[in-house]
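Step one of this worksheet: look at the structure below.
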Amino acid sequence: MPISFNETSRIFKLDAGNSTYAFLIEPNGYIAHLYYGGHVDSDAFAYLYRKRDRAFSPAAPGTTNVESRDVILQEFGTNGVGDYHAPSAIVRQGNGHNVTNFKYRSHRIFKGKPSLPGLPATFGKDDEVETLELSLYDEASDIEFILSYSTFDRYSAIARSARAVNHSLETVRIEKLASMSLDFPSDNFDLVHLPGAWARERAVERIPVPRARTVIESVRGLSSHQHNPFFALAAPHAAEEAGEVFGVALLYSGNFAAEIEFDQFDHLRAQIGLNARTFEWKLEPDAVFQSPEALLVYSDSGFDAMSRTFHNVFRNHLIRSYWKDRERPILVNNWEATYFDFNEEKLLSIAKDAAELGIEMLVLDDGWFGHRNDDHSSLGDWFVFESKLKGGLGSLVKKVNALGLKFGLWFEPEMVSRDSELFTAHPDWCLHVPGRGASEGRNQLVLDMSRPEVVDYLFKTISGVLDGANIEYIKWDANRHLTEVGSATTSPDRQKEVFHRYVLGMYRLHELLLQRYPKLLIEGCSGGGGRFDAGMLYYAPQIWTSDDSDAIERLKIQAGTSLLYPCSAMGAHVSDCPNHQTHRTTPFETRGIVALSGTFGYELDLNKMNDGERRMIREQVAAYHQYHHLVADGELHRLTDPFDPKTVVVVWEYVACDKSEALVTMVQPRNIPNGPVYRVRLRGLDAKATYELEGSGERFSGEMLMKAGLNVPDFDCDGAAALFHLKRI
Ligand code: GLA
């Protein structure tokens, strides 16, 4: 039984993959955390329940000094009764106070896992996942919190969330709600997280957890480029292949906060959830509020294994799309080829080349609607720019389809330009605060997605476009962050709900579209990878990783992203050189090898390719078809670290789950003249098997490749790259 409750010791034991999590109901009714780590058979964890009398650690009513909330590790940090750590929830009651005292009320354990209304969540069949719902109750306020823990049988992963129920006769305000709170006994940890910015998303940073509260957060309305809703706590000696790592991701696309803090006794509390700086929820009598879900992953063998667990859970238990296990079409996107300057003739000429080269889909990016010829107008006017695309979308799509290509289209549903019919008709549909104007970002305003009529309107207009032509893919962009987050139809006492209601509205629009067009492939995007989070993966199985398409920069961006997100979700394209973001020139072959690590495509003007480049495109297309199953479904091993200044060659390896084949990519960002000779040890192969190298026919034992390694070629220029395919014989 993955989840058990021992009636005598009152201990809950949760087993997930090779991890175990345990807590107990204390005699006073609180819940004490006992253990999270590698799998343990026994459930005799009671000895870990440590009480101690400490100065300046007050005892809550009904407890003794040795049971102070300041001292005991907890599952749910309660507020105002001596737990000086970050509380799991803050509930402001009618009397103005926010003290709460949540204690055990009941629990239920059941097979499977319920979905979360209106929110993304992992799922699993009854024989794959089991759930514990633990009800905690605060008698004085008559508020209940139900903590949910779902354990995955095959993976060391536990999904957690919390839901509040107001049983009282008065309205209360939830001022904070963490999706999960995790207490660790005294130990040292490194914190690993993914800070970044536009065009340099998700750079891995690793720092010792300081003796000061650390907050990783977004207040930008979207999960953002700046931080990712993820952190890991790692043993100081943990490395790619060794050491304990605890990874935590939030399945949410708006403002979040992760709080990590050592207390004065070196206990560490880590939380993740909605960001209390920008959140509040008025909970009326009998109302329920559901937090977003957090996913906890345990690894006893380093970051590589943590990443693979995240990848597997996201691929098998979060992404729902029709495209989940299907090979995604190789696309060519016209953005960097034409920007706003295109017409039907130009698009068809790109499509014609694409068809000849084996590319499978044309994506028409920004500028096809309203009267948009630059980024100053027309967002919100989702009808075709007739004078630019003379025959309309229907005719263009038919012609593209006739060439054998699918057709995809760019939208930025959540935004509106002042210069648009939509804004003229509904000026109050944008987020704004009366009397304060509205800040512009990229010359645009943000629609108030918290308003149902706005979401309904967008559903209607976008459906109209999708019904009018055979559009099989949409790129869903969001090119600015939120400001003046006020909603014209929301009462003053609920304005602090708008950030969260915005995200719920944005999710609802995705859901409506997917229900109506179940085969639609949605690629998420926000100025590149500004909303690359697990929440979006529930709706969009792929996300444009970064507007920085430079192959050398992508080595870092894709490595940071791969810490938790699978390669099957990473939009990666071959783009033009000199690169539009870095002005660097990288060999065409290298750009192809780097883009093969994601959902493959092109972001350049195919009409301008010379014969050599056209030949390479054909080879890259063939390579994608040949190897993509390894990238999408295989196990990723990051053999060298692009963030380490000592790394000379960046090497990734994908191994088929049955170890029958492996793909190895090597990229040398900068040449070292007269440089050293390297080899790199592979991982995850069948030691006893013999593998043959495609092309040369050389044979190696799996053991040899893992112990002695594969030779790195004698690269002789900046940005040189090579690809190796090994097959078990
Ligand atoms: C964002 C996207 C780009 C492109 C432009 C269009 O920046 O990330 O790929 O779609 O918008 O305006």
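If one takes the longest principal axis of the Cα atoms in the chain, at what angle in degrees, from 0 to 90 and to the nearest 10, does the Cα axis of helix 611-633 lie?
30 degrees
For the chain, which whole-number percentage of the solvent-accessible area (1.4 Å probe, protein heavy atoms only) is attributable to carbon and sulfur atoms?
Of the solvent-accessible surface of the chain, carbon and sulfur hold 50 percent.
Among 330-343, 425-438, how do they line up from the highest to the lowest mean number of other beta-carbon atoms within 10 Å?
330-343, 425-438
Between Val648 and Glu345, what is the label-point separation in nm under the 7 Å Cα-to-beta-carbon projection?
Output for this residue pair reads 5.3 nm.
Determine, from the Cβ-Cβ distance of Asn65 and Ser491 and an R0 of 45 Å, the FRET efficiency 1/(1 + (r/R0)^6), rounded to the nearest 0.05.
0.50
What FRET efficiency comes out for Ser9 versus Asn95 if R0 is 45 angstrom and r is the Cβ-Cβ distance? Round to the nearest 0.05.
It comes to 0.75.
Within 12 Å, Cβ to Cβ, of Leu182, how many net charges do the neighbouring residues add up to if Lys/Arg are +1 and Asp/Glu are -1?
-2
Measuring with a 1.4 Å probe in the full set of protein chains, what accessible area per residue, in whole Å², belongs to the chain?
36 Å²
Along the charge dipole of segment 101-185, Cβ charges K/R +1 and D/E -1, which of Leu177, Tyr104, Thr122 sits furthest on the positive end?
Thr122
Assuming 0.36 nm per residue, please report the length gained on full extension of the stretch Asn607 to Glu484 beyond their Cα-Cα distance.
Full extension from Asn607 to Glu484 adds 39.9 nm.
Positive end of the charge dipole of the chain (Lys, Arg +1 and Asp, Glu -1 on Cβ, about the Cα centre): tell me which of Gly391, Gly675, Pro229 has its Cα farthest that way.
Farthest towards the positive pole: Pro229.
What net charge is computed for the residues neighbouring His33, neighbours being all others with C-beta under 9 Å from the C-beta of His33, Lys and Arg scored +1, Asp and Glu -1?
-2
Please give every one of the lysines within straight-line cross-link reach of Lys399, meaning a C-alpha to C-alpha distance under 18 Å, and leave out same-chain neighbours fewer than 8 residues apart.
Lys346, Lys352, Lys388, Lys390
Using Cα-only point scatterers and the Debye equation, what is log10 of I(q)/I(0) for segment 291-334 at each q in 0.18, 0.21, 0.24, 0.32 Å⁻¹, rounded to two decimals?
-0.71, -0.81, -0.89, -1.11
Let me test this: with uniform point scatterers at the alpha carbons of segment 144-252, what is the Debye-based log₁₀ I(q)/I(0) at q = 0.22 1/Å?
So the normalised log intensities work out to -1.37.
Taking the Cα centre of segment 315-386 as origin and charging only Cβ (+1 Lys, Arg; -1 Asp, Glu), how large is the dipole, in debye to the nearest 20?
For this selection, approximately 600 debye.
Rank Ser546, Val465, Gln93 by how far each Cα sits towards the positive end of the charge dipole of the chain (+1 on Lys, Arg Cβ; -1 on Asp, Glu Cβ) and give me just the farthest.
Selected residue: Gln93.
Rounded to the nearest 20 Debye, what is the dipole magnitude of segment 543-651 about its Cα centre when Lys and Arg each give +1 and Asp and Glu each give -1 at the C-beta?
In total the dipole reaches around 140 debye.
Once the Cβ-Cβ distance between Glu692 and Ile672 is put in as r, and R0 is 41 Å, what FRET efficiency do you end up with, to the nearest 0.05?
0.85
Averaged over every viewing direction, what's the projected area of the C-alpha convex hull for the chain? Give it in nm², one decimal, please.
The Cα convex hull of the chain, projected and averaged over all directions, gives 32.2 nm².
Between helix 498-516 and the chain, what is the angle of the helix's C-alpha long axis to the longest principal axis, kept within 0 to 90° and rounded to the nearest 10?
50 degrees
How far is it, in nm, from the label point at Thr338 to the one at His167 when both lie 7 Å from their Cα along the line to the Cβ?
6.3 nm
At Phe265 and Glu241, where each label point lies 7 Å from the Cα along Cα→Cβ, what is the point-to-point distance in nanometres?
A separation of 4.0 nm, rounded to one decimal place.
Which angle from 0 to 90°, rounded to the nearest 10, does the C-alpha axis of helix 344-357 make with the longest principal axis of the chain?
The angle comes out at about 90 degrees.
Dipole size in debye (nearest 20) for segment 582-707 around its Cα centre, Lys and Arg Cβ +1, Asp and Glu Cβ -1?
Here segment 582-707 has a charge dipole of around 420 debye.
Of Lys13/Lys176; Lys406/Lys519; Lys324/Lys475; Lys324/Lys727; Lys324/Lys556, which pairs sit farther than 18 Å apart, going by alpha carbon to alpha carbon?
Violating the 18 Å Cα-Cα cut-off are Lys13/Lys176; Lys324/Lys727; Lys324/Lys556.
Take each of the peptides 694-703, 145-154, 277-286, 403-412, average the number of other beta-carbon atoms within 10 Å over its residues, and list them starting from the highest.
145-154, 403-412, 277-286, 694-703
Around Gly571, under 10 Å between beta carbons, what's the net of Lys plus Arg minus Asp minus Glu among the other residues?
0
The values are calculated or read from the model by the stated rules, or taken from the named source; none is laboratory data. In this text the structure is predicted, and so the values were computed from the model without any measurement. Counting neighbours? That spans all protein chains shown, and the Cβs are built from the backbone with ideal geometry, glycine included. The accessibility values were calculated without ligands, DNA or RNA, using every heavy atom of the protein model including side chains. Shrake-Rupley method; radii C 1.70, N 1.55, O 1.52, S 1.80 Å.
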